[in-house]
Amino acid sequence: MPKPLYILNGPNLNLLGQREPEIYGHQTLADIEAACEATANAAGHSLVFKQSNIEGEIVDHIQEAGREGAAIIINPAAYTHTSVAIHDALKAVDLPVIEIHLSQPAKRESFRQISYVGMAATGTISGFGANSYQLGLQAAINLLDT
(Lines give C-alpha, C1' and ligand atoms only; values in the text may rest on other atoms or scores of the structure.)
Protein backbone atom coordinates (compact mmCIF):
# COMPACT_ATOMS: atom_id res chain seq x y z
CA MET A 1 0.00 0.00 0.00
CA PRO A 2 1.30 3.50 -0.75
CA LYS A 3 2.35 5.90 1.94
CA PRO A 4 -0.62 7.44 3.80
CA LEU A 5 -2.25 10.75 3.08
CA TYR A 6 -2.10 13.11 6.06
CA ILE A 7 -5.07 15.29 6.93
CA LEU A 8 -4.02 17.85 9.53
CA ASN A 9 -6.42 20.11 11.41
CA GLY A 10 -5.70 23.24 13.38
CA PRO A 11 -7.15 24.95 16.43
CA ASN A 12 -10.80 24.73 17.42
CA LEU A 13 -11.68 22.25 14.70
CA ASN A 14 -12.30 19.74 17.49
CA LEU A 15 -15.39 21.90 18.19
CA LEU A 16 -16.95 21.43 14.75
CA GLY A 17 -20.68 20.81 14.93
CA GLN A 18 -21.09 23.08 17.95
CA ARG A 19 -18.91 26.12 17.19
CA GLU A 20 -20.62 28.67 14.93
CA PRO A 21 -22.53 26.09 12.87
CA GLU A 22 -23.86 28.87 10.64
CA ILE A 23 -20.27 29.30 9.40
CA TYR A 24 -18.70 25.86 9.89
CA GLY A 25 -21.68 23.53 9.56
CA HIS A 26 -23.17 20.83 11.75
CA GLN A 27 -20.82 17.96 10.97
CA THR A 28 -18.29 17.03 13.62
CA LEU A 29 -14.62 16.44 12.95
CA ALA A 30 -15.28 12.73 13.60
CA ASP A 31 -17.95 12.78 10.86
CA ILE A 32 -15.48 14.38 8.45
CA GLU A 33 -12.76 11.90 9.39
CA ALA A 34 -15.06 8.93 8.72
CA ALA A 35 -16.04 10.28 5.30
CA CYS A 36 -12.41 10.95 4.39
CA GLU A 37 -11.36 7.50 5.55
CA ALA A 38 -13.99 5.93 3.27
CA THR A 39 -12.89 8.04 0.29
CA ALA A 40 -9.20 7.31 0.81
CA ASN A 41 -9.78 3.57 1.24
CA ALA A 42 -11.96 3.41 -1.87
CA ALA A 43 -9.09 5.00 -3.83
CA GLY A 44 -6.55 2.55 -2.39
CA HIS A 45 -4.94 4.97 0.04
CA SER A 46 -4.60 4.95 3.80
CA LEU A 47 -5.14 8.02 5.92
CA VAL A 48 -3.61 9.65 8.98
CA PHE A 49 -6.02 12.20 10.48
CA LYS A 50 -4.81 14.54 13.24
CA GLN A 51 -6.01 17.66 15.02
CA SER A 52 -4.18 19.96 17.40
CA ASN A 53 -4.80 23.29 19.04
CA ILE A 54 -1.03 23.70 19.47
CA GLU A 55 1.04 25.23 16.68
CA GLY A 56 4.21 23.29 17.50
CA GLU A 57 2.35 19.98 17.40
CA ILE A 58 1.07 20.82 13.93
CA VAL A 59 4.66 21.53 12.85
CA ASP A 60 5.63 18.11 14.29
CA HIS A 61 2.79 16.46 12.32
CA ILE A 62 3.95 18.17 9.11
CA GLN A 63 7.49 16.93 9.67
CA GLU A 64 6.16 13.41 10.35
CA ALA A 65 4.16 13.56 7.12
CA GLY A 66 7.30 14.64 5.30
CA ARG A 67 9.03 11.45 6.45
CA GLU A 68 6.14 8.99 6.31
CA GLY A 69 3.39 10.41 4.10
CA ALA A 70 2.54 10.88 0.44
CA ALA A 71 0.64 14.19 0.66
CA ILE A 72 -0.72 16.70 3.17
CA ILE A 73 -4.25 18.06 3.24
CA ILE A 74 -4.32 20.79 5.88
CA ASN A 75 -7.00 22.93 7.43
CA PRO A 76 -4.80 25.17 9.56
CA ALA A 77 -7.82 27.15 10.84
CA ALA A 78 -6.72 30.40 12.52
CA TYR A 79 -3.04 29.52 12.04
CA THR A 80 -3.63 30.10 8.32
CA HIS A 81 -3.29 33.83 8.92
CA THR A 82 -0.59 33.87 11.57
CA SER A 83 1.84 30.98 11.40
CA VAL A 84 5.16 31.46 9.71
CA ALA A 85 6.26 28.28 11.52
CA ILE A 86 3.62 26.17 9.72
CA HIS A 87 4.49 27.90 6.43
CA ASP A 88 8.17 27.07 6.92
CA ALA A 89 7.42 23.44 7.88
CA LEU A 90 5.31 22.97 4.75
CA LYS A 91 8.07 24.46 2.59
CA ALA A 92 10.53 21.99 4.14
CA VAL A 93 8.64 18.87 3.02
CA ASP A 94 8.70 17.57 -0.53
CA LEU A 95 5.03 16.62 -0.76
CA PRO A 96 1.89 17.95 -2.41
CA VAL A 97 0.11 20.25 0.07
CA ILE A 98 -3.57 21.04 -0.29
CA GLU A 99 -4.84 23.85 1.95
CA ILE A 100 -8.53 23.55 2.78
CA HIS A 101 -11.10 25.65 4.61
CA LEU A 102 -14.73 25.04 5.44
CA SER A 103 -15.65 28.68 4.97
CA GLN A 104 -14.50 31.13 2.31
CA PRO A 105 -11.85 33.30 4.00
CA ALA A 106 -12.01 35.87 1.18
CA LYS A 107 -15.60 36.67 2.19
CA ARG A 108 -14.81 37.12 5.86
CA GLU A 109 -12.92 39.60 8.04
CA SER A 110 -10.00 41.44 6.49
CA PHE A 111 -7.45 39.73 8.76
CA ARG A 112 -8.42 36.42 7.12
CA GLN A 113 -7.35 37.66 3.68
CA ILE A 114 -3.71 36.60 4.10
CA SER A 115 -2.78 32.91 4.09
CA TYR A 116 0.77 32.05 5.05
CA VAL A 117 -0.15 28.41 4.47
CA GLY A 118 -1.45 29.14 0.98
CA MET A 119 1.93 30.61 0.09
CA ALA A 120 3.44 27.16 0.72
CA ALA A 121 0.59 25.05 -0.68
CA THR A 122 0.22 23.36 -4.03
CA GLY A 123 -3.39 24.59 -4.09
CA THR A 124 -6.27 25.81 -1.94
CA ILE A 125 -9.90 24.70 -1.67
CA SER A 126 -12.32 26.73 0.43
CA GLY A 127 -15.94 27.60 0.92
CA PHE A 128 -17.53 24.18 0.42
CA GLY A 129 -18.16 23.29 4.06
CA ALA A 130 -17.25 19.73 5.02
CA ASN A 131 -17.06 18.89 1.30
CA SER A 132 -13.84 20.96 1.17
CA TYR A 133 -12.18 17.95 2.83
CA GLN A 134 -13.45 15.58 0.12
CA LEU A 135 -12.35 17.96 -2.62
CA GLY A 136 -8.92 18.40 -1.02
CA LEU A 137 -8.53 14.67 -0.60
CA GLN A 138 -9.50 14.05 -4.22
CA ALA A 139 -7.05 16.73 -5.37
CA ALA A 140 -4.23 15.05 -3.44
CA ILE A 141 -5.17 11.61 -4.80
CA ASN A 142 -5.27 12.99 -8.35
CA LEU A 143 -1.83 14.56 -7.94
CA LEU A 144 -0.40 11.29 -6.65
CA ASP A 145 -2.06 9.09 -9.26
CA THR A 146 -0.90 11.15 -12.26
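The values are calculated or read from the model by the stated rules, or taken from the named source; none is laboratory data. What you are looking at is a predicted structure, and each value in this text was computed from that prediction instead of being measured. So basically every Cβ, Gly included, is an ideal-geometry build from the backbone, and we count neighbours across all protein chains shown.
Contact map, region 117-146: residues that are aromatic (Phe, Trp, Tyr) paired with residues that are in a loop (DSSP other than H, G, I, E, B) and at pLDDT below 95, Cβ distance under 8 Å, separation 6+ or inter-chain. Pairs shown: 128/102. Highlighted here are the strands (runs of 3 or more DSSP E) found entirely within region 47-134 that include at least 1 residues which are out of contact with any Leu (no Cβ under 8 Å at 6 or more places or on another chain) and over 14 Å from residue 6 (Cβ atoms): 97-101, 123-126. Of the residues 91, 50, the single one that is at pLDDT 95 or above, out of contact with any Lys or Arg (no Cβ under 7 Å at 6 or more places or on another chain) and within 18 Å of residue 13 (Cβ to Cβ) is 50.
Taking into account only those residues within region 1-20 that are outside any loop (DSSP other than H, G, I, E, B) and closer than 20 Å to residue 121 by Cβ, which is modelled with the lowest pLDDT? The extreme case among them is 13. Among the residues of region 11-70, write down those that are closer than 18 Å to residue 136 by Cβ, among the acidic types (Asp, Glu) and either touching a Ser or Thr at 6+ places or on another chain (Cβ under 7 Å) or free of Cβ contacts under 8 Å to residues at least 60 places away in the same chain (or both). Residues satisfying the conditions are 33, 37.
When 117, 84 are checked against the criterion of being farther than 18 Å from residue 36 by Cα, under 11 Å from the mean Cα position of the chain (by Cα) and among the aliphatic types (A, V, I, L, M), 117 stands alone in meeting it.
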